[in-house]
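Some notes on the structure that comes next.
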Amino acid sequence: MLFAASKRVLLVRRKHEPFQGMLSVPGGFLRPLVEDLPGCAARELLEETGLQLAPSSLIPLSVRSNPNRDTRGHVIDQSYVAILNAQQEEQALNCLQAGDDAAQVAVISLQEALRQPLAADHRQMVQEAALTMQRTRESLPARIKSWLLGITSASASLPMRRSVAAT
């Protein structure tokens, strides 16, 4: 969770092993056959921080599947970010309360978060979230131009194909 106006990030201090006592991104395990990935992320955010967000407000980031990233076994992880403006941040800060697997909820600057030792590969998640926030702050014309340049460069390398009409 990123707060765009103040450039801060929401983390939790882990209550249990693995990585007990370390800061981490809120998260947890999927309930198979009950919820989808965004639903799981929203549920875990609520359980660990008291903050309720619609699954549709979460922006998917990367998938991590390194078999050695978690001491509990091969955990495949899909990360999400929610980027809140100043008004949403104020409302969110009033709701925060550590729960479930979180000993504490921390809202700290992005710079401070990246200086802290974070659990597992959570530094990578925070970096990806910050990059996503930066991209969403770009102006629409800049994003359109970037998108068009990407199409132009990609289409220049594509082989020409001949259309065949079906009869």
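Observations, loosely collected:
- Karplus-derived HN-Hα couplings along region 8-21 (A = 6.51, B = -1.76, C = 1.60, θ = phi - 60°), whole Hz, x at Gly and Pro: 10, 10, 9, 10, 10, 8, 5, 7, 10, 6, x, 6, 3, x
- Cα-based Rg / Dmax (Å) for region 22-105: 13.4, 40
- The listed peptides 116-126, 60-70, ordered by packing as a protection proxy, come out as 116-126, 60-70 (highest mean of other Cβ atoms within 10 Å first).
- Solvent-accessible area, 1.4 Å probe, carbon plus sulfur percent, for region 1-81: 56 percent
- Residues with amide H under 5 Å from that of ILE108, placed H, sequence gap 5 or more: VAL9, LEU11
- Packing rank of 24-34, 78-88, where each peptide gets the mean count of other beta carbons within 10 Å, highest leading: 78-88, 24-34
- Region 84-135, accessible area per residue, ligands and nucleic acids excluded (1.4 Å, Å²): 56 Å²
- Most to least packed among 8-14, 129-135 [average Cβ atoms within 10 Å]: 8-14, 129-135
The values are calculated or read from the model by the stated rules, or taken from the named source; none is laboratory data. Remember, it's a predicted structure, so these values are computed and weren't measured experimentally. Backbone-built Cβ (ideal geometry, glycine too); neighbour counts: all protein chains shown. Heads up: the accessible areas ignore ligands, DNA and RNA and are worked out on the full protein's heavy atoms, side chains in. Shrake-Rupley method; radii C 1.70, N 1.55, O 1.52, S 1.80 Å.
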